[in-house]
């Protein structure tokens, strides 16, 4: 393949370029849903625009600009551009770059820019801002004075050609016209003026045929009412744009409310015009006019009255005293609810699917708040109940609430030291308490009846109460396993017989019992004072704590600093569950997610990411009965940069599957993935706020777009029903 290279002493005019090239423009963009939609709009505008009389596209006489090249296939992970891309670049008279924060750092977008500059120079490169600021969206090659690193050619960077960020329809139309003017190599003002002249002439011809009708309309309308209609149209479009912005940020209910403000009260109402953008915004928020390339939907946003505290292994910006030990959130994977605790002493439960507030849970008078106002040292969520442990040192109170009503079921004072709660079964929990006299105590409780079984391990030294520790039940309710520091214990509650072994590293970070009779424990080096590499191990034991296998590795903790809030992502190794057929153990550590073979610990799948994994869970896009080795579970993985990937557990290349990816507009410091009815739901806490929770969900079986099947009145009724289910009405 050959192409004619541009030289600085032979400037290429647009007319010369068009006469020699097949495409009016090559459209370069990042293959993400939002970028792709803007690229489609730009392509459609260029290819369908009819130039006004007197203005012709370079090299054409039919008043058209010509066709564009827009690659719809994701490029594979190679070191050079494919021949078909290079051929299209060589045959294109201009390059239109769709700019966004994701496109700015895209390897392929930057390679396409560099190749076009080498072939044609940079005079015919035009940038289109899709979203984000220009500073964070325009690729580096287009912001520098030198076209290609190492080149002798030096020209000034092209100015921004068009801004297509969410705006009014008129503004967007003008920005599209700027793109067309750039590709056509003509003046924007001249193109706009001639276009207006053409429109006026066409309007005059139509008016001549209907002059009597127009005269009657003009006579009937006053100047004041016309001005009011124009103002209402502009207001509705602005409200629609705000609705779209709220939806992009995850606030689905806010988006619905804003879109309803932009629409008439009913089909028969004349309180405001029916603006198409407002109807589209409402359909988007109601999920009946969605982009089929992405299965993720924004669900809701919750703002707490005060900051949240410790969230699993992620610390908020507060790092003093017992604040580090405050439990902030507990999710019931079988009960469809989650609970949050904030520094104002509030403990509340919410429906996981809709975000509707279920109840407030008031702690009893004998419970005292921890440092900074928290009440919950730890929380456990079962199918129907929420258990809150309030502990200051060894002074504790254990309280059980009905999760749906907030009613206190029972309260137990002086239960022992602080614990880490593990829920299992329908409404049974197992809790381990370190004792002030040494050793630890285990309680297994039936929450509905407040019946308990207990046993203690004595005569051993347990680390201080600030050390993380974990416990999990065994194959029967009378067996318990617990990890304190680097010690792993087993305890039979009916005989008080215990056993112990030593873990690989000083701090246990997670513990799980598998149905195959395996105890899986993870441990790591202590948290370093600075950001350095740490060692970790994943170990498997039999029910007698005899070692079976061990996997070692290293990881690095990292910090997120966003809007003045610093979050430490310890990214400790954590067991996240098993795959659908229990053939693999899902573990996250640092920037990796692993699927391990339970029999020997061999990695079945190793997935690496750009930033720390904050959540991972096995899920499925099929009915469990349809599972086969060729149709395995998906692993849903959330990273601290706000990217959520649904990955085929047997295909490491599936990490690049944009069709199942959710990209949040902000980084996150905690997330939890669970199944709720027919949906997979992710609940996340952004890194730029310590009192905000957002939720997205995906339905793998959703149908086709049905937005046009609804009348306006039906849309409003559906919107009110959705707001009621979410607790926004009633």
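The values are calculated or read from the model by the stated rules, or taken from the named source; none is laboratory data. Values in this document were obtained by computation on a predicted structure and should not be read as measured data. As a convention, Cβ positions derive from the backbone with ideal geometry for all residues, glycine included, and neighbour counts pool all protein chains shown.
Here are a few things to note about the model shown:
- Qualifying residue in region 465-480 (condition: at pLDDT 85 or above and assigned to a loop (DSSP other than H, G, I, E, B)): no
- Count of residues meeting criterion [without any contact (Cβ under 8 Å) to a residue 40 or more places away in the chain and either crowded, with 21+ Cβ neighbours inside 10 Å or assigned to a helix (DSSP H, G or I) (or both)] in region 240-276: 6
- Residue match in region 228-237 (condition: modelled with pLDDT of 60 or more, over 40 Å from the mean Cα position of the chain (by Cα), under 23 Å from residue 272 (Cα atoms) and outside the structural domain of residue 34 (by TED's automatic domain parsing)): yes
- Restricting attention to region 100-148, the residues that are closer than 16 Å to residue 183 by Cβ and touching a strand residue (DSSP E or B) at 6+ places or on another chain (Cβ under 9 Å) total 8.
- Qualifying residue in region 520-532 (condition: modelled with pLDDT of 75 or more, assigned to a strand (DSSP E or B) and surrounded by fewer than 21 Cβ atoms within 10 Å (Cβ to Cβ)): no
- Of the residues making up region 29-44, just one is touching a helix residue (DSSP H, G or I) at 6+ places or on another chain (Cβ under 9 Å), in a helix (DSSP H, G or I) and under 11 Å from residue 72 (Cα atoms), namely 36.
- Of residues in region 608-627 being modelled with pLDDT of 85 or more and in contact with a helix residue (DSSP H, G or I) (Cβ under 9 Å, 6 or more places away or on another chain), the one surrounded by the most Cβ atoms within 10 Å (Cβ to Cβ): 609
- When 647, 637 are checked against the criterion of being at pLDDT below 85 and either surrounded by fewer than 16 Cβ atoms within 10 Å (Cβ to Cβ) or in contact with a strand residue (DSSP E or B) (Cβ under 6 Å, 6 or more places away or on another chain) (or both), a single residue qualifies: 647.
- So residue 630, is it closer than 30 Å to residue 72 by Cβ and either at pLDDT 75 or above or surrounded by fewer than 20 Cβ atoms within 10 Å (Cβ to Cβ) (or both): yes
- Residue match in region 412-426 (condition: buried (at least 23 other Cβ atoms within 10 Å of the Cβ) and at pLDDT 80 or above): no
- Meets criteria (buried (at least 18 other Cβ atoms within 10 Å of the Cβ), at pLDDT 90 or above and under 30 Å from residue 664 (Cβ atoms)) for residue 113: yes
- Consider region 587-607 and keep the residues that are closer than 21 Å to residue 675 by Cα and free of Cβ contacts under 8 Å to residues at least 60 places away in the same chain. The one that is surrounded by the most Cβ atoms within 10 Å (Cβ to Cβ) is 588.
- Some residue of region 189-207 being assigned to a loop (DSSP other than H, G, I, E, B) and at pLDDT below 80: no
- Residue in region 80-87 that is surrounded by 22 or more Cβ atoms within 10 Å (Cβ to Cβ), touching a helix residue (DSSP H, G or I) at 6+ places or on another chain (Cβ under 7 Å) and closer than 27 Å to residue 663 by Cβ present: no
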